[in-house]
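Below: one structure, written as C-alpha coordinates.
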Amino acid sequence: MLRRQFLEGAASAAVGVGLFGWPRDLTAQMPATPIGIQVGAVSFLDEGTDKVLDTFAELAAIDTLFLATFTYGRGIGGRQPRGSPLPDHGKQEYDDTYHGGNFATPHPQFYKNTSIQPQKAPDHPGYDVIADVLPRAHKRGMKVICWFEDVFRKDVPGLDKAFEVDVHGQPQARVCYRNPNTLNFWLGLTEDYLRSYDVDGLMFGSERQGPLNTALGASHGGGPAPSTVGCFCPHCLAAAKKEGINVERAKQGYLALEKWIGATKGKDRPADGAFVTFWRILVEHPEVLGWERLWNEGLRDTYRAMYRKAHDLAAQKPMGWHIWHTNSFAPFYRAEQDYQMFTAFSDFLKVVMYHNSGGPRMARYIQNVNSTLFADLTPEQTTELTYRLQQYSGEATIDKLPTAGLSAEYVRRETRRAVTGVSGGRTRIWPGIEIDIPTGENEKKTTPDDVYGAVKATFEGGAHGIILSRKYSEMRLDNLRAAGRAVRETVKRA
Ligand SMILES: [Zn+2]
(Lines give C-alpha, C1' and ligand atoms only; values in the text may rest on other atoms or scores of the structure.)
Protein backbone atom coordinates (compact mmCIF):
# COMPACT_ATOMS: atom_id res chain seq x y z
CA MET A 1 0.00 0.00 0.00
CA LEU A 2 2.64 2.41 1.09
CA ARG A 3 4.71 1.76 -1.96
CA ARG A 4 1.76 2.40 -4.25
CA GLN A 5 0.89 5.65 -2.50
CA PHE A 6 4.47 6.79 -2.78
CA LEU A 7 4.58 5.99 -6.49
CA GLU A 8 1.33 7.83 -7.10
CA GLY A 9 2.59 10.85 -5.23
CA ALA A 10 5.81 10.83 -7.20
CA ALA A 11 3.92 10.46 -10.45
CA SER A 12 1.64 13.40 -9.94
CA ALA A 13 4.59 15.55 -8.93
CA ALA A 14 6.43 14.76 -12.16
CA VAL A 15 4.98 17.01 -14.81
CA GLY A 16 3.73 15.23 -17.89
CA VAL A 17 4.60 11.70 -16.84
CA GLY A 18 1.97 9.22 -15.71
CA LEU A 19 2.16 6.59 -13.03
CA PHE A 20 3.79 4.08 -15.32
CA GLY A 21 6.04 6.48 -17.12
CA TRP A 22 3.96 7.27 -20.22
CA PRO A 23 3.81 10.80 -21.47
CA ARG A 24 0.35 12.17 -20.78
CA ASP A 25 0.36 15.30 -22.86
CA LEU A 26 -2.90 14.99 -24.72
CA THR A 27 -2.53 18.13 -26.78
CA ALA A 28 -1.18 16.20 -29.73
CA GLN A 29 -3.99 13.69 -29.64
CA MET A 30 -7.04 15.68 -28.59
CA PRO A 31 -8.57 19.09 -29.32
CA ALA A 32 -7.39 21.67 -26.77
CA THR A 33 -10.94 21.98 -25.41
CA PRO A 34 -12.90 18.94 -26.54
CA ILE A 35 -16.60 19.52 -27.12
CA GLY A 36 -17.98 16.02 -26.75
CA ILE A 37 -21.30 14.27 -27.03
CA GLN A 38 -22.40 10.78 -25.99
CA VAL A 39 -24.11 8.86 -28.76
CA GLY A 40 -25.18 5.26 -29.34
CA ALA A 41 -25.43 3.01 -32.38
CA VAL A 42 -29.19 3.38 -32.82
CA SER A 43 -28.93 7.08 -33.69
CA PHE A 44 -26.61 6.45 -36.65
CA LEU A 45 -28.88 3.69 -37.93
CA ASP A 46 -32.07 5.68 -37.43
CA GLU A 47 -30.87 8.98 -38.88
CA GLY A 48 -27.86 8.20 -41.10
CA THR A 49 -24.27 8.51 -39.93
CA ASP A 50 -23.29 11.49 -42.07
CA LYS A 51 -26.42 13.38 -41.13
CA VAL A 52 -25.86 12.82 -37.39
CA LEU A 53 -22.24 13.97 -37.59
CA ASP A 54 -23.18 17.04 -39.62
CA THR A 55 -25.90 17.88 -37.09
CA PHE A 56 -23.38 17.63 -34.24
CA ALA A 57 -20.93 19.97 -35.92
CA GLU A 58 -23.57 22.43 -37.02
CA LEU A 59 -25.72 22.64 -33.88
CA ALA A 60 -23.17 22.28 -31.11
CA ALA A 61 -19.63 22.56 -32.56
CA ILE A 62 -19.01 18.95 -31.49
CA ASP A 63 -15.47 17.68 -32.20
CA THR A 64 -15.35 14.54 -30.03
CA LEU A 65 -17.71 11.54 -30.03
CA PHE A 66 -18.15 9.38 -26.95
CA LEU A 67 -19.51 6.29 -28.68
CA ALA A 68 -21.50 3.94 -26.46
CA THR A 69 -19.62 0.80 -27.48
CA PHE A 70 -20.45 -1.53 -24.58
CA THR A 71 -23.45 -1.56 -22.25
CA TYR A 72 -26.49 -3.62 -21.47
CA GLY A 73 -28.20 -0.57 -19.95
CA ARG A 74 -30.67 2.00 -21.25
CA GLY A 75 -28.84 5.05 -19.89
CA ILE A 76 -26.44 5.34 -22.82
CA GLY A 77 -27.76 2.69 -25.26
CA GLY A 78 -30.89 2.46 -27.37
CA ARG A 79 -33.69 4.96 -27.91
CA GLN A 80 -35.78 6.36 -25.08
CA PRO A 81 -37.37 3.63 -22.99
CA ARG A 82 -41.16 3.49 -23.08
CA GLY A 83 -42.65 6.03 -20.69
CA SER A 84 -40.20 8.76 -21.70
CA PRO A 85 -41.06 11.05 -24.63
CA LEU A 86 -39.15 10.49 -27.87
CA PRO A 87 -37.24 13.60 -29.00
CA ASP A 88 -37.86 15.61 -32.19
CA HIS A 89 -35.51 13.46 -34.31
CA GLY A 90 -34.83 9.78 -34.91
CA LYS A 91 -37.35 6.99 -35.33
CA GLN A 92 -40.58 7.74 -33.51
CA GLU A 93 -41.06 4.29 -32.01
CA TYR A 94 -39.93 2.56 -28.83
CA ASP A 95 -37.27 -0.17 -28.96
CA ASP A 96 -38.85 -2.44 -26.37
CA THR A 97 -36.69 -5.38 -27.43
CA TYR A 98 -33.42 -3.56 -26.62
CA HIS A 99 -30.76 -6.06 -25.49
CA GLY A 100 -27.32 -4.42 -25.43
CA GLY A 101 -23.77 -5.83 -25.37
CA ASN A 102 -20.76 -4.84 -27.47
CA PHE A 103 -21.98 -2.54 -30.26
CA ALA A 104 -18.71 -3.03 -32.16
CA THR A 105 -17.35 -6.51 -32.96
CA PRO A 106 -15.83 -8.56 -30.11
CA HIS A 107 -12.67 -10.38 -31.18
CA PRO A 108 -12.48 -13.65 -29.18
CA GLN A 109 -8.67 -13.71 -28.85
CA PHE A 110 -8.85 -10.89 -26.27
CA TYR A 111 -11.24 -12.72 -23.93
CA LYS A 112 -9.34 -16.00 -23.36
CA ASN A 113 -8.80 -15.38 -19.64
CA THR A 114 -12.34 -14.58 -18.62
CA SER A 115 -15.52 -16.62 -18.14
CA ILE A 116 -17.65 -13.64 -19.23
CA GLN A 117 -18.73 -14.14 -22.83
CA PRO A 118 -18.08 -11.15 -25.06
CA GLN A 119 -21.45 -10.73 -26.75
CA LYS A 120 -22.04 -8.68 -29.83
CA ALA A 121 -25.20 -6.68 -29.17
CA PRO A 122 -27.89 -8.49 -31.21
CA ASP A 123 -29.88 -5.26 -31.61
CA HIS A 124 -28.36 -4.33 -34.98
CA PRO A 125 -27.25 -7.50 -36.81
CA GLY A 126 -24.21 -7.02 -39.03
CA TYR A 127 -23.59 -3.48 -37.77
CA ASP A 128 -20.34 -2.37 -36.07
CA VAL A 129 -20.70 1.16 -34.71
CA ILE A 130 -16.96 1.90 -34.60
CA ALA A 131 -16.30 0.59 -38.10
CA ASP A 132 -19.15 2.71 -39.42
CA VAL A 133 -18.52 5.96 -37.55
CA LEU A 134 -14.73 6.15 -37.19
CA PRO A 135 -13.75 6.88 -40.82
CA ARG A 136 -16.57 9.40 -41.27
CA ALA A 137 -15.70 11.14 -38.00
CA HIS A 138 -11.99 11.30 -38.79
CA LYS A 139 -12.75 12.71 -42.23
CA ARG A 140 -14.46 15.60 -40.44
CA GLY A 141 -11.62 16.03 -37.94
CA MET A 142 -13.69 14.58 -35.10
CA LYS A 143 -12.15 12.34 -32.42
CA VAL A 144 -13.75 9.06 -31.37
CA ILE A 145 -13.62 7.80 -27.78
CA CYS A 146 -15.02 4.35 -26.91
CA TRP A 147 -17.39 4.72 -23.96
CA PHE A 148 -18.21 1.58 -21.98
CA GLU A 149 -19.73 0.88 -18.59
CA ASP A 150 -20.21 -1.70 -15.87
CA VAL A 151 -23.81 -2.53 -16.72
CA PHE A 152 -24.60 -6.17 -17.54
CA ARG A 153 -27.65 -8.36 -17.97
CA LYS A 154 -27.75 -11.16 -15.42
CA ASP A 155 -27.99 -13.79 -18.16
CA VAL A 156 -24.69 -13.03 -19.89
CA PRO A 157 -23.03 -16.47 -20.16
CA GLY A 158 -20.21 -16.87 -17.63
CA LEU A 159 -21.15 -13.76 -15.66
CA ASP A 160 -22.16 -15.96 -12.69
CA LYS A 161 -18.51 -16.95 -12.29
CA ALA A 162 -17.70 -13.31 -11.49
CA PHE A 163 -20.59 -12.53 -9.11
CA GLU A 164 -20.13 -10.81 -5.77
CA VAL A 165 -20.99 -12.79 -2.61
CA ASP A 166 -23.06 -10.94 -0.02
CA VAL A 167 -22.77 -10.83 3.78
CA HIS A 168 -25.11 -13.85 4.02
CA GLY A 169 -22.95 -15.88 1.62
CA GLN A 170 -25.39 -15.55 -1.29
CA PRO A 171 -24.28 -14.66 -4.83
CA GLN A 172 -25.46 -11.26 -6.09
CA ALA A 173 -25.84 -10.55 -9.80
CA ARG A 174 -23.16 -7.89 -10.06
CA VAL A 175 -19.48 -8.43 -10.84
CA CYS A 176 -16.77 -8.46 -8.18
CA TYR A 177 -13.87 -6.24 -9.20
CA ARG A 178 -11.40 -8.58 -7.54
CA ASN A 179 -12.58 -11.61 -9.47
CA PRO A 180 -10.05 -12.30 -12.28
CA ASN A 181 -12.94 -12.98 -14.68
CA THR A 182 -14.09 -9.40 -14.21
CA LEU A 183 -10.68 -7.77 -14.47
CA ASN A 184 -9.71 -9.85 -17.50
CA PHE A 185 -12.98 -8.96 -19.21
CA TRP A 186 -12.35 -5.22 -18.86
CA LEU A 187 -8.71 -5.64 -19.90
CA GLY A 188 -9.85 -7.69 -22.90
CA LEU A 189 -12.31 -5.01 -23.95
CA THR A 190 -9.65 -2.32 -23.51
CA GLU A 191 -7.23 -4.25 -25.70
CA ASP A 192 -9.89 -5.18 -28.24
CA TYR A 193 -10.93 -1.55 -28.82
CA LEU A 194 -7.35 -0.28 -29.04
CA ARG A 195 -5.94 -3.07 -31.23
CA SER A 196 -8.93 -3.66 -33.51
CA TYR A 197 -9.71 -0.01 -34.27
CA ASP A 198 -7.79 3.27 -34.58
CA VAL A 199 -9.97 4.98 -31.97
CA ASP A 200 -8.65 8.07 -30.17
CA GLY A 201 -9.19 7.05 -26.56
CA LEU A 202 -11.32 5.24 -24.00
CA MET A 203 -13.75 6.12 -21.22
CA PHE A 204 -15.07 3.64 -18.66
CA GLY A 205 -17.73 4.15 -16.01
CA SER A 206 -18.96 2.31 -12.95
CA GLU A 207 -22.08 3.54 -11.20
CA ARG A 208 -21.68 1.44 -8.07
CA GLN A 209 -20.37 2.02 -4.57
CA GLY A 210 -19.07 0.14 -1.55
CA PRO A 211 -20.99 -1.95 1.00
CA LEU A 212 -21.33 0.71 3.70
CA ASN A 213 -22.81 3.34 1.36
CA THR A 214 -25.01 0.68 -0.24
CA ALA A 215 -26.32 -0.46 3.14
CA LEU A 216 -27.17 3.14 4.06
CA GLY A 217 -28.91 3.73 0.73
CA ALA A 218 -26.67 6.77 0.33
CA SER A 219 -27.46 7.38 -3.34
CA HIS A 220 -30.32 8.51 -5.57
CA GLY A 221 -30.94 4.84 -6.44
CA GLY A 222 -33.14 2.18 -4.98
CA GLY A 223 -32.73 2.82 -1.26
CA PRO A 224 -30.98 0.98 1.57
CA ALA A 225 -30.05 -2.64 0.83
CA PRO A 226 -28.10 -3.89 3.86
CA SER A 227 -28.84 -7.59 3.36
CA THR A 228 -27.25 -7.70 -0.10
CA VAL A 229 -23.95 -5.91 0.52
CA GLY A 230 -20.58 -7.41 -0.39
CA CYS A 231 -18.22 -8.52 -1.45
CA PHE A 232 -17.29 -11.52 0.67
CA CYS A 233 -16.11 -13.80 -2.15
CA PRO A 234 -12.87 -15.82 -1.72
CA HIS A 235 -10.88 -13.17 -3.67
CA CYS A 236 -12.07 -10.40 -1.37
CA LEU A 237 -11.53 -12.51 1.78
CA ALA A 238 -7.93 -13.12 0.66
CA ALA A 239 -7.42 -9.38 0.04
CA ALA A 240 -8.83 -8.59 3.50
CA LYS A 241 -6.45 -11.04 5.16
CA LYS A 242 -3.56 -9.45 3.33
CA GLU A 243 -4.65 -6.05 4.66
CA GLY A 244 -5.03 -7.47 8.17
CA ILE A 245 -8.82 -6.94 8.30
CA ASN A 246 -10.69 -9.38 10.51
CA VAL A 247 -13.27 -10.99 8.23
CA GLU A 248 -15.58 -12.23 10.99
CA ARG A 249 -15.65 -8.82 12.68
CA ALA A 250 -16.47 -7.20 9.34
CA LYS A 251 -19.38 -9.61 8.76
CA GLN A 252 -20.66 -9.04 12.31
CA GLY A 253 -20.50 -5.28 11.69
CA TYR A 254 -22.52 -5.51 8.48
CA LEU A 255 -25.07 -7.80 10.15
CA ALA A 256 -25.35 -5.25 12.97
CA LEU A 257 -25.94 -2.54 10.34
CA GLU A 258 -28.69 -4.64 8.78
CA LYS A 259 -30.38 -5.02 12.18
CA TRP A 260 -30.00 -1.31 12.88
CA ILE A 261 -31.60 -0.31 9.56
CA GLY A 262 -34.47 -2.72 10.19
CA ALA A 263 -35.03 -1.17 13.63
CA THR A 264 -34.71 2.40 12.36
CA LYS A 265 -37.39 1.80 9.74
CA GLY A 266 -39.70 -0.13 12.10
CA LYS A 267 -41.76 0.75 15.14
CA ASP A 268 -39.10 -0.12 17.75
CA ARG A 269 -36.65 2.61 16.88
CA PRO A 270 -33.31 2.53 18.75
CA ALA A 271 -33.59 4.25 22.14
CA ASP A 272 -30.37 6.19 21.50
CA GLY A 273 -31.58 7.40 18.11
CA ALA A 274 -30.47 6.37 14.64
CA PHE A 275 -27.22 8.28 14.42
CA VAL A 276 -25.75 7.39 17.82
CA THR A 277 -26.60 3.73 17.32
CA PHE A 278 -24.95 3.80 13.91
CA TRP A 279 -21.82 5.43 15.26
CA ARG A 280 -21.64 2.80 18.01
CA ILE A 281 -21.63 0.04 15.37
CA LEU A 282 -18.84 1.82 13.53
CA VAL A 283 -16.69 2.21 16.66
CA GLU A 284 -17.31 -1.39 17.72
CA HIS A 285 -16.72 -2.71 14.19
CA PRO A 286 -14.23 -0.44 12.43
CA GLU A 287 -13.86 -3.36 9.99
CA VAL A 288 -17.07 -2.02 8.39
CA LEU A 289 -15.04 0.96 7.17
CA GLY A 290 -12.15 -1.34 6.32
CA TRP A 291 -14.44 -3.30 4.02
CA GLU A 292 -15.72 -0.11 2.39
CA ARG A 293 -12.15 0.88 1.58
CA LEU A 294 -11.37 -2.63 0.37
CA TRP A 295 -14.25 -2.42 -2.10
CA ASN A 296 -13.04 0.96 -3.38
CA GLU A 297 -9.52 -0.35 -3.78
CA GLY A 298 -10.87 -3.21 -5.89
CA LEU A 299 -12.40 -0.67 -8.27
CA ARG A 300 -9.33 1.57 -8.23
CA ASP A 301 -7.05 -1.40 -8.94
CA THR A 302 -9.26 -2.06 -11.96
CA TYR A 303 -8.82 1.54 -13.12
CA ARG A 304 -5.06 1.26 -12.61
CA ALA A 305 -4.83 -2.00 -14.54
CA MET A 306 -6.95 -0.71 -17.42
CA TYR A 307 -4.95 2.50 -17.54
CA ARG A 308 -1.70 0.55 -17.63
CA LYS A 309 -3.00 -1.75 -20.38
CA ALA A 310 -4.32 1.14 -22.47
CA HIS A 311 -1.06 3.06 -22.28
CA ASP A 312 1.07 -0.01 -22.95
CA LEU A 313 -0.84 -0.29 -26.22
CA ALA A 314 -1.26 3.40 -27.07
CA ALA A 315 0.77 5.78 -24.94
CA GLN A 316 -0.72 8.97 -26.38
CA LYS A 317 -4.38 8.01 -26.36
CA PRO A 318 -6.31 9.32 -23.36
CA MET A 319 -8.03 7.00 -20.92
CA GLY A 320 -10.45 8.44 -18.38
CA TRP A 321 -13.40 7.73 -16.15
CA HIS A 322 -17.05 8.70 -15.76
CA ILE A 323 -17.67 9.84 -12.15
CA TRP A 324 -21.18 8.87 -11.05
CA HIS A 325 -23.83 11.45 -10.18
CA THR A 326 -23.98 10.25 -6.55
CA ASN A 327 -20.81 12.34 -6.20
CA SER A 328 -23.15 15.37 -6.21
CA PHE A 329 -25.56 14.10 -3.54
CA ALA A 330 -23.86 11.92 -0.95
CA PRO A 331 -20.94 13.34 1.05
CA PHE A 332 -19.97 9.70 1.70
CA TYR A 333 -19.43 8.73 -1.94
CA ARG A 334 -18.00 12.21 -2.59
CA ALA A 335 -15.30 11.58 0.02
CA GLU A 336 -14.32 8.42 -1.82
CA GLN A 337 -13.86 10.20 -5.18
CA ASP A 338 -10.55 11.85 -4.36
CA TYR A 339 -9.69 13.81 -7.51
CA GLN A 340 -6.04 14.13 -6.50
CA MET A 341 -5.78 10.36 -6.15
CA PHE A 342 -7.31 9.98 -9.60
CA THR A 343 -4.52 12.04 -11.20
CA ALA A 344 -2.15 9.08 -10.96
CA PHE A 345 -4.24 6.95 -13.31
CA SER A 346 -6.51 9.31 -15.27
CA ASP A 347 -5.95 11.41 -18.36
CA PHE A 348 -9.39 12.96 -17.93
CA LEU A 349 -12.41 12.76 -15.66
CA LYS A 350 -15.97 13.15 -16.83
CA VAL A 351 -17.45 14.39 -13.58
CA VAL A 352 -21.22 14.08 -13.85
CA MET A 353 -22.99 17.41 -13.15
CA TYR A 354 -26.49 16.75 -14.46
CA HIS A 355 -28.30 19.82 -13.19
CA ASN A 356 -31.95 19.12 -14.13
CA SER A 357 -32.34 15.52 -13.08
CA GLY A 358 -30.04 16.54 -10.22
CA GLY A 359 -33.08 18.05 -8.49
CA PRO A 360 -35.31 14.98 -8.36
CA ARG A 361 -32.28 12.77 -7.79
CA MET A 362 -31.11 14.85 -4.82
CA ALA A 363 -34.63 14.59 -3.39
CA ARG A 364 -34.49 10.79 -3.71
CA TYR A 365 -31.08 10.66 -2.01
CA ILE A 366 -32.48 12.69 0.90
CA GLN A 367 -35.49 10.41 1.17
CA ASN A 368 -33.15 7.38 1.26
CA VAL A 369 -30.78 8.59 3.99
CA ASN A 370 -33.73 9.98 5.93
CA SER A 371 -34.82 6.39 6.43
CA THR A 372 -31.44 5.31 7.82
CA LEU A 373 -28.53 7.45 9.01
CA PHE A 374 -30.49 10.69 9.31
CA ALA A 375 -33.77 9.22 10.56
CA ASP A 376 -33.59 11.65 13.51
CA LEU A 377 -33.72 14.66 11.17
CA THR A 378 -36.55 16.05 9.09
CA PRO A 379 -36.15 16.00 5.28
CA GLU A 380 -35.67 19.79 5.42
CA GLN A 381 -32.83 19.42 7.94
CA THR A 382 -31.20 16.63 5.92
CA THR A 383 -31.35 18.82 2.82
CA GLU A 384 -29.74 21.74 4.63
CA LEU A 385 -27.06 19.45 6.11
CA THR A 386 -26.32 17.94 2.69
CA TYR A 387 -25.99 21.38 1.07
CA ARG A 388 -23.75 22.71 3.83
CA LEU A 389 -21.49 19.66 4.00
CA GLN A 390 -20.95 19.91 0.23
CA GLN A 391 -20.70 23.70 0.14
CA TYR A 392 -23.78 24.28 -1.98
CA SER A 393 -25.73 27.50 -1.59
CA GLY A 394 -28.85 28.92 -3.18
CA GLU A 395 -30.29 25.53 -4.19
CA ALA A 396 -33.99 24.69 -3.82
CA THR A 397 -35.65 23.48 -0.65
CA ILE A 398 -36.71 19.84 -0.57
CA ASP A 399 -40.32 20.55 -1.59
CA LYS A 400 -39.18 22.44 -4.71
CA LEU A 401 -36.16 20.30 -5.66
CA PRO A 402 -37.97 17.88 -8.01
CA THR A 403 -39.43 20.72 -10.08
CA ALA A 404 -36.57 23.23 -9.76
CA GLY A 405 -33.57 21.00 -10.48
CA LEU A 406 -30.11 22.18 -9.44
CA SER A 407 -28.70 25.49 -10.65
CA ALA A 408 -26.02 26.60 -13.09
CA GLU A 409 -24.18 27.79 -9.99
CA TYR A 410 -24.00 24.15 -8.86
CA VAL A 411 -22.34 23.30 -12.18
CA ARG A 412 -19.86 26.17 -11.87
CA ARG A 413 -18.98 25.25 -8.28
CA GLU A 414 -18.59 21.52 -8.97
CA THR A 415 -16.43 22.23 -12.01
CA ARG A 416 -14.16 24.51 -10.00
CA ARG A 417 -13.91 21.92 -7.22
CA ALA A 418 -12.87 19.24 -9.72
CA VAL A 419 -10.36 21.49 -11.49
CA THR A 420 -8.85 22.42 -8.11
CA GLY A 421 -8.87 18.76 -7.11
CA VAL A 422 -6.62 17.68 -9.97
CA SER A 423 -4.27 20.67 -9.75
CA GLY A 424 -0.61 19.82 -10.09
CA GLY A 425 -1.44 16.81 -12.26
CA ARG A 426 -2.16 16.54 -15.97
CA THR A 427 -5.69 15.22 -15.61
CA ARG A 428 -8.27 17.16 -17.62
CA ILE A 429 -11.77 17.87 -16.33
CA TRP A 430 -14.45 17.36 -18.96
CA PRO A 431 -17.74 17.71 -17.02
CA GLY A 432 -20.78 15.73 -18.09
CA ILE A 433 -23.58 18.21 -18.81
CA GLU A 434 -27.15 17.05 -19.11
CA ILE A 435 -29.54 17.44 -21.97
CA ASP A 436 -33.01 15.87 -21.54
CA ILE A 437 -32.35 13.05 -19.10
CA PRO A 438 -35.82 11.63 -18.43
CA THR A 439 -37.44 12.69 -15.14
CA GLY A 440 -40.83 11.91 -13.60
CA GLU A 441 -44.09 13.29 -14.97
CA ASN A 442 -44.17 16.48 -12.91
CA GLU A 443 -40.42 16.87 -12.48
CA LYS A 444 -37.95 19.34 -13.99
CA LYS A 445 -37.45 19.16 -17.78
CA THR A 446 -34.53 20.56 -19.75
CA THR A 447 -34.97 23.95 -21.44
CA PRO A 448 -32.65 25.74 -23.88
CA ASP A 449 -31.99 28.43 -21.27
CA ASP A 450 -30.78 26.08 -18.61
CA VAL A 451 -28.56 24.13 -21.03
CA TYR A 452 -27.05 27.43 -22.13
CA GLY A 453 -26.52 28.45 -18.48
CA ALA A 454 -24.97 25.13 -17.50
CA VAL A 455 -22.54 25.06 -20.43
CA LYS A 456 -21.48 28.65 -19.73
CA ALA A 457 -21.02 27.80 -16.03
CA THR A 458 -18.84 24.81 -16.93
CA PHE A 459 -16.33 27.00 -18.70
CA GLU A 460 -16.55 29.74 -16.08
CA GLY A 461 -15.60 27.05 -13.59
CA GLY A 462 -12.43 26.36 -15.59
CA ALA A 463 -13.42 23.14 -17.37
CA HIS A 464 -10.93 21.78 -19.93
CA GLY A 465 -13.70 20.41 -22.15
CA ILE A 466 -17.28 19.22 -21.95
CA ILE A 467 -19.30 16.07 -22.60
CA LEU A 468 -22.98 16.52 -23.51
CA SER A 469 -24.82 13.61 -21.89
CA ARG A 470 -26.32 11.05 -21.70
CA LYS A 471 -27.19 10.16 -25.29
CA TYR A 472 -28.16 11.97 -28.46
CA SER A 473 -31.24 9.73 -28.83
CA GLU A 474 -32.86 11.47 -25.84
CA MET A 475 -31.85 15.08 -26.61
CA ARG A 476 -34.13 17.68 -28.18
CA LEU A 477 -32.50 19.66 -30.95
CA ASP A 478 -33.35 23.10 -29.51
CA ASN A 479 -31.54 22.11 -26.31
CA LEU A 480 -28.53 20.85 -28.25
CA ARG A 481 -28.51 24.09 -30.21
CA ALA A 482 -28.46 26.06 -26.92
CA ALA A 483 -25.34 24.14 -25.87
CA GLY A 484 -23.73 25.11 -29.17
CA ARG A 485 -24.59 28.77 -28.64
CA ALA A 486 -22.85 28.74 -25.25
CA VAL A 487 -19.83 26.89 -26.64
CA ARG A 488 -19.40 29.30 -29.56
CA GLU A 489 -19.60 32.29 -27.23
CA THR A 490 -17.13 30.83 -24.75
CA VAL A 491 -14.52 28.60 -26.30
CA LYS A 492 -11.85 30.03 -28.55
CA ARG A 493 -11.03 27.58 -31.31
CA ALA A 494 -7.55 27.23 -32.75
ZN1 LIG B 1 -15.27 -10.31 -4.29
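The values are calculated or read from the model by the stated rules, or taken from the named source; none is laboratory data. Predicted model, so just to flag it, every value in this text is computed and none were measured. Virtual Cβ from ideal backbone geometry, glycine too; neighbours counted across all protein chains shown. Note: accessible area is taken over every heavy atom of the protein model, side chains too, but ligands, DNA and RNA are not part of it. Shrake-Rupley method; radii C 1.70, N 1.55, O 1.52, S 1.80 Å.
The angle between the Cα long axis of helix 129-139 and the main principal axis of the chain comes to about 50°, on a 0 to 90 degree scale. Only bridges with both residues in the chain count here: give the DSSP antiparallel percent, nearest 5. Of all bridge pairs located within the chain, approximately 20 percent are antiparallel.
Straight-distance candidates among the lysines for linking to residue 265, with alpha-carbon spacing under 27 Å and chain neighbours fewer than 8 residues away dropped: 251, 400. Annotation for residue 105 and residue 400: the two label points, set 7 Å from Cα along the Cα-Cβ direction, are 5.6 nm apart. In the chain, excluding the sites themselves, the longest stretch lacking any of the GluC sites (Glu not before Pro) that are in a DSSP loop with at most 12 other Cβ atoms within 10 Å is 94-440. Counting only alpha carbon atoms, the long axis of helix 180-196 and the longest principal axis of the chain meet at about 10°.
In the chain, what percent of the accessible surface is made up of carbon and sulfur (1.4 Å probe, ligands and nucleic acids excluded)? Using a 1.4 Å probe with all protein chains present, the chain comes out at 53 percent carbon and sulfur. Within the range 220-302, the trypsin sites (Lys or Arg not before Pro) that combine a DSSP coil assignment with at most 11 other C-beta atoms in a 10 angstrom radius are 267. For residue 322, the amide hydrogen comes within under 5 Å of the amide hydrogens of 204, 205, 206, 350, counting only partners 5 or more places away or on other chains and with H modelled in the peptide plane. Length gained on full extension, residue 131 to residue 283, computed as 0.36 nm times the residue gap minus the Cα-Cα distance: 49.2 nm. Backbone amide hydrogens, once placed in the peptide plane, bring residue 102 within less than 5 Å of 119, 120, 121, excluding anything fewer than 5 places away on its chain. Residue pairs exceeding 22 angstrom between C-alpha atoms, taken from 143/317; 444/471; 456/492; 444/492: 444/492. Taking every protein chain into account, the accessible area of the range 389-494 amounts to 41 square angstrom per residue (probe 1.4 Å).
The loop-placed trypsin sites (Lys or Arg not before Pro) in the range 339-439, going by DSSP, that have at most 14 neighbouring Cβ atoms within 10 Å of their Cβ come out as 400. The residues neighbouring residue 368, those whose beta-carbon lies less than 12 Å from its own, together hold a net charge of +3 under the Lys/Arg +1, Asp/Glu -1 convention. Just add up the charged neighbours of residue 122: K/R +1, D/E -1, any other residue whose Cβ is under 15 Å from the Cβ of residue 122. Local net charge: -3. Backbone geometry of the range 448-460 corresponds, through the Karplus equation with coefficients 6.51, -1.76 and 1.60 at θ = phi - 60°, to 3J(HN,Hα) couplings of x, 4, 7, 5, 4, x, 5, 5, 4, 4, 4, 6, 4 Hz, x marking Gly and Pro. Given their separation in residues at 0.36 nm each and the Cα-Cα distance between them, residue 265 and residue 154 gain 37.0 nm when the chain is fully extended. Each residue of the range 316-327 was assigned a 3J(HN,Hα) from its phi angle through the Karplus expression (A = 6.51, B = -1.76, C = 1.60, θ = phi - 60°), giving 8, 8, x, 10, x, 10, 8, 9, 3, 4, 3, 3 Hz with x at Gly and Pro. The gain in end-to-end length when the residue 84 to residue 32 segment is fully stretched comes to 15.2 nm, 0.36 nm per residue minus the alpha carbon separation. Round to the nearest 10 and give me the degree value, 0 to 90, for the angle of helix 379-389's Cα axis relative to the longest principal axis of the chain. Helix 379-389 and the main axis of the chain meet at about 70 degrees.
Spatial offset of the range 270-300 relative to the range 127-166 amounts to 35 Å, using the alpha carbon center of each. Helices in the chain, meaning DSSP H runs of at least 4 residues, each add -39500 (n - 2.57). Divided by all residues, the mean residue ellipticity at 222 nm is -13000 deg cm²/dmol.
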